[in-house]
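The values are calculated or read from the model by the stated rules, or taken from the named source; none is laboratory data. Owing to the predicted nature of the structure, the values given are computational and were not obtained by experimental measurement. Glycine gets a Cβ as well: all are built from the backbone with ideal geometry, and neighbour counts include every protein chain shown.
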Amino acid sequence: MKGIAKSLMVTLSTFTRKPVTRDYPNYHRELPERDRAFPLLLWDKEIDEPFCTGCHACERACPVECMTVLMKDNPNHKSNGGDSSRRKIIDKFWIDYARCMRCNICVEVCNFDAIAMNNTWQGHELSVHDRKDLVMDLEQLLVQSHVGAIKEWVPVLGQSNETNE
Amino acid sequence: MVASPQATPEHEFETQDLLINVGPQHPSTHGVFRMVLTIDGEVVKDVVPYIGYLHRGAEKLCETMDFRQGIGFMDRTEYLAAHNAELSYVMAVEALAGLEVPERAQWIRTILCELNRLSSHFMFLGAFGIDVGVFGTPFIYAWREREAIIDLFEEISGDRMMYAYFRPGGLAWDVPLNFKERVREVLKSTRQGIRDFDELLTQNEIFRARTEGIGYISAEDAIDWGMSGPSIRASGVPLDVRRDEPYLKYAELDFDVIVGENGDVFDRYYCRMLEMHESVKIIEQCLERLQPGLIVPDKMPRMLRAAPGEVYIRTEAPRGEYGIYMVSKGGNRPYRLKVRSACLSNLQALRQMSVDQYIADAIIVLGSIDIVLSEVDR
Ligand code: SF4
Ligand code: SF4
């Protein structure tokens, strides 16, 4: 009987604590900066074009083969009178979010820091009626970075923080 | 069995055994697991488990992937303790590629593995509470505590369950600047959580009546079935890879191997409960000794290549010995990969534990092994 009384005391003491649950759809907790939802392409604001050159490195490294990359000659390149130093630029890009396993490898292999994991709630709330709607095209992948809705975190691999402690 | 149509004078009633199918879609089977129970009245006469519903061929898939790509699949073989699963895999790669892991990376790995053990055991306590019939209370409490740990993992690696954070050679990136304070904060709530559970369940007479003396397995049988982890320690076998074959920094740490006496369901529960105190102890020691430093070796090769050969690496995951057998013929991917999963071996003893128990206890016995079906089927 003593044990049961003790158990009841625990539940009672919890009753007086502040609730830890959150009213989810109405309230979104702040996500940590490193949060990994799904990969997004980044927008180069200085030259006003995507960072991505369509080099296929991420496509080849993706373990589940959910990316498709097509490149084209950059119409904005210096040789054409533009102001970009990118000779090639991304033409079409698809990522199938339904297949992506959020492993971060595409971000790690990109030499141009052109891709980052989405760390906003938009990356998590992706309910759709049809799986095909989860195949994101270039425009959808770029829009968040283009309008400045994302503060991306691109990890520096293997670098330790010496200032830690 | 066919019942005899003529009732003989000595046997007024002929009874028939009844087959009951549990699962594969059943909330108490902790995943997609099916068992067929043969019952006589209320007593279980036989259990036939069927596994394989969650088979994804992760081992075979990894043979087509390079070492970095394989880590993600290892996470998914053991989703409740992904850090521990990754650890065996990257340690196997390190052994084949001859990489030396720097101190700091080893300490951080030890901390994360122990935190993962805590979160996994909380999950067990909650789910086990439901199996026993205390719906709600312990489960929700367990999730509250587990949530704090998972939030911490998210701040470190970016993901809540599939971390992909350990890499051959060390860690993917360094922990955040406030790592130590955050771990201490989490430990504080965890300690309180363990105490709550202790008072809520361990001394509760109803809980004890429900769990004591059922699902017994002797030490000899447990060894014969190849059990490991808390499930075998509850039967009185002091088998712990962390102690017997220290990896990471466990040789320098001071902790006890918790051993039970009776080998029943209650002991398997209580061993895990006490083990959580040990994990907290380990993490505190690690935090004290964690120094700034490198997280990957100085001379990390750009392309990771393994030397031809084979290794078997075993580590102590929350559910027991998680082993990776890797054969390499050189190159950047394993030639053959085999996962030795603790759950599969522990599950073998299910029949022995549940025969001659009441049917209501069969689920408790299953829950007490703490199975994760993705690890059983891979
Ligand atoms: S995202 Fe990076 S790796 Fe992928 S195609 Fe573009 S530039 Fe290349
Ligand atoms: S996160 Fe991984 S699975 Fe997803 S697109 Fe990038 S490489 Fe592919």
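Numerical summary
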read-out: Matching residues, segment B:285-311, being acidic (Asp, Glu) and within 11 Å of chain A (Cβ to nearest Cβ); value: B:Asp298
read-out: Qualifying position, being of a type in the set (A, V, I, L, M), modelled with pLDDT of 90 or more and within 16 Å of the chain's Cα centre (by Cα), among B:Leu80, B:Leu125, B:Leu115; value: B:Leu115
read-out: A:Arg131 being buried (at least 17 other Cβ atoms within 10 Å of the Cβ) and basic (Lys, Arg); value: no
read-out: Meets criteria (in contact with a helix residue (DSSP H, G or I) (Cβ under 6 Å, 6 or more places away or on another chain) and away from chain B (no Cβ under 14 Å)) for A:Ala57; value: no
read-out: Subset of segment A:1-30 that is within 8 Å of chain B (Cβ to nearest Cβ) and assigned to a loop (DSSP other than H, G, I, E, B) - its residue that is nearest to the chain's Cα centre (by Cα); value: A:Val20
read-out: Any hit, segment A:89-101, residues being within 25 Å of A:Arg34 (Cβ to Cβ), within 14 Å of chain B (Cβ to nearest Cβ), under 13 Å from the mean Cα position of the chain (by Cα) and within 8 Å of ligand 2 (Cβ to nearest atom); value: yes
read-out: For B:Arg68: the one exception among (1) under 22 Å from the mean Cα position of the chain (by Cα); (2) in contact (Cβ under 8 Å) with a residue 24 or more places away in the chain; value: (1)
read-out: Checking A:Ile89 against (1) more than 11 Å from ligand 1 (Cβ to nearest atom); (2) more than 30 Å from B:Phe67 (Cβ to Cβ); (3) buried (at least 16 other Cβ atoms within 10 Å of the Cβ), the condition it does not meet; value: (1)
read-out: Counted residues, segment B:136-177 - those being within 21 Å of B:Ser189 (Cα to Cα), facing another protein chain (nearest Cβ under 8 Å) and hydrophobic (A, V, I, L, M, F, W, C); value: 3
read-out: Helices (runs of 4 or more DSSP H) enclosed by segment B:15-113 - at least 2 residues per element that are among the aromatic types (Phe, Trp, Tyr); value: B:67-77
read-out: Residue, farthest from the other protein chains (Cβ to nearest Cβ), within segment A:60-83, restricted to residues that are of a type in the set (S, T, N, Q) and within 14 Å of ligand 1 (Cβ to nearest atom); value: A:Asn74
read-out: Looking only at segment A:51-88, and only at residues there that are within 13 Å of ligand 2 (Cβ to nearest atom) and of a type in the set (Gly, Ala, Ser), the one that is nearest to B:Ser157 (Cα to Cα); value: A:Ala61
read-out: Residue match in segment A:110-125 (condition: within 12 Å of ligand 1 (Cβ to nearest atom) and acidic (Asp, Glu)); value: yes
